1. If you scan segment 200-210, which residues turn out to be free of Cβ contacts under 8 Å to residues at least 60 places away in the same chain, assigned to a helix (DSSP H, G or I) and surrounded by 15 or more Cβ atoms within 10 Å (Cβ to Cβ)?
2. Which numbered condition trips up HIS138, out of (1) under 18 Å from the mean Cα position of the chain (by Cα); (2) more than 30 Å from ALA225 (Cα to Cα)?
3. Condition first: among the polar types (S, T, N, Q), loosely packed, with under 13 Cβ neighbours inside 10 Å and part of a helix (DSSP H, G or I). Now tell me which residues in segment 89-125 satisfy that.
4. Filter segment 154-184 for residues that are part of a helix (DSSP H, G or I) and either in contact with a Phe, Trp or Tyr (Cβ under 8 Å, 6 or more places away or on another chain) or surrounded by 19 or more Cβ atoms within 10 Å (Cβ to Cβ) (or both) and give the result.
5. Determine which member of the set LYS76, LYS10, LYS48, LYS28 is surrounded by fewer than 17 Cβ atoms within 10 Å (Cβ to Cβ), basic (Lys, Arg) and out of contact with any helix residue (DSSP H, G or I) (no Cβ under 9 Å at 6 or more places or on another chain).
6. Which of the following residues is under 20 Å from THR146 (Cα atoms), modelled with pLDDT of 90 or more, over 22 Å from the mean Cα position of the chain (by Cα) and not charged (D, E, K, R): GLY221, GLY238?
7. Tell me, which residue of segment 37-57 that is without any contact (Cβ under 8 Å) to a residue 24 or more places away in the chain and charged (D, E, K, R) is farthest from ARG27 (Cα to Cα)?
8. Given (1) closer than 30 Å to VAL25 by Cβ; (2) modelled with pLDDT under 95; (3) under 22 Å from the mean Cα position of the chain (by Cα), where does GLN126 come up short, assuming only one miss?
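The values are calculated or read from the model by the stated rules, or taken from the named source; none is laboratory data. Fair warning: this is a prediction, and the values are worked out from it, not measured in the lab. Glycine also receives a Cβ, built like all others from the backbone with ideal geometry; neighbour counts cover every protein chain displayed.
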Amino acid sequence: MFDEGAEKTKYKILIVEDSLFNQMVLRKILESRYTIVTSTTAEDALAKVHIFEPHLILLDIILPDANGFDVLVTLKQSEDTRNIPVIIITGLDSDEDEEKGFLLGAVDYIKRPFKNAIVLARVNTQIHIIRQIQTIEHLSLMDGLTGIANRRAFDIQLQYEWSRAARERSRLSMIMLDVDKFKEYNDTYGHRHGDFMLQIVAQTLKQELKSVTDFFYRYGGDEFAILLPGLPAERARGLAQRLVTSVNQMLLSAVKCQSPCAHSISLGSASMQPQPQQSPAALVERADKKLYLAKQNGRNQAQCE
């Protein structure tokens, strides 16, 4: 499952243990592979879990300021922490305690005195499960054809960026685009050529949108969406105009077509300062209306707010 000589991974572990000696032992076992943060009290642990955002928690059931089971209940009741796996640490040999821990949501137990191989095996197993879950989640948010994020990822990110912009009173801009006469091209040349053309559009978006704050998605069919947090309307307009040129050039050089179809795109951009009482669907609707206007006005252009 894990190479014995593996380098330290990106995964973070919070050890909640009041014994400094036991902390030291666990750190020695795990720190070559994982980033470790420790805590000796329940109060400190519950604070650090939000700051540190660990992938896994090792939790002693006997702490100076609380029962570890109560900490486990608190973690599982919070939306922010309920999905963090918790391994219980105990020096007791109690079937009742072990059953209670599992019923409250613990994923495993580690008993003292610690055995290096057992500790590492149990921790590695949980990290392996986390990796598998992350892979599945990543794949569920990706478009298989183009390799960029899909509509589900767009919906999630839009809600997040909308809420953040409303909280920070900043702007959120968006661009909707699609390929002109795509259905005509698909019907004439076949889906294989249509798929290739969509891949060209996605590849061009990757090349043009290199900022870590620019998010782009295959919205559905031949439609693509771009989210631009914090970008004012005038800069969104400039980007939209640039994309008309760059994507069209790529399509013209890569797509073979006897007519003007599939060599151009149309775009619509919108920009709003979100309000808490508004729905993020308002931004999508405004960008979509501008895209429709671009189509009505002859295609191969950007219509922007």
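1. Hits for segment 200-210 are ILE200, ALA202, GLN203, THR204, LEU205, GLU208.
2. All conditions are met except number (2).
3. Once the filter is applied, which keeps residues that are among the polar types (S, T, N, Q), loosely packed, with under 13 Cβ neighbours inside 10 Å and part of a helix (DSSP H, G or I), segment 89-125 yields only ASN116.
4. Initially, segment 154-184 is screened for residues part of a helix (DSSP H, G or I), giving 154-168, 182-184.
PHE154, GLN157, LEU158, GLU161, TRP162, ALA165, PHE182 - these are the residues of segment 154-184 that are part of a helix (DSSP H, G or I) and either in contact with a Phe, Trp or Tyr (Cβ under 8 Å, 6 or more places away or on another chain) or surrounded by 19 or more Cβ atoms within 10 Å (Cβ to Cβ) (or both).
5. LYS10
6. Details: GLY238 fails: under 20 Å from THR146 (Cα atoms).
From the options GLY221, GLY238, the qualifying one is GLY221.
7. The extreme case among them is GLU43.
8. (2)
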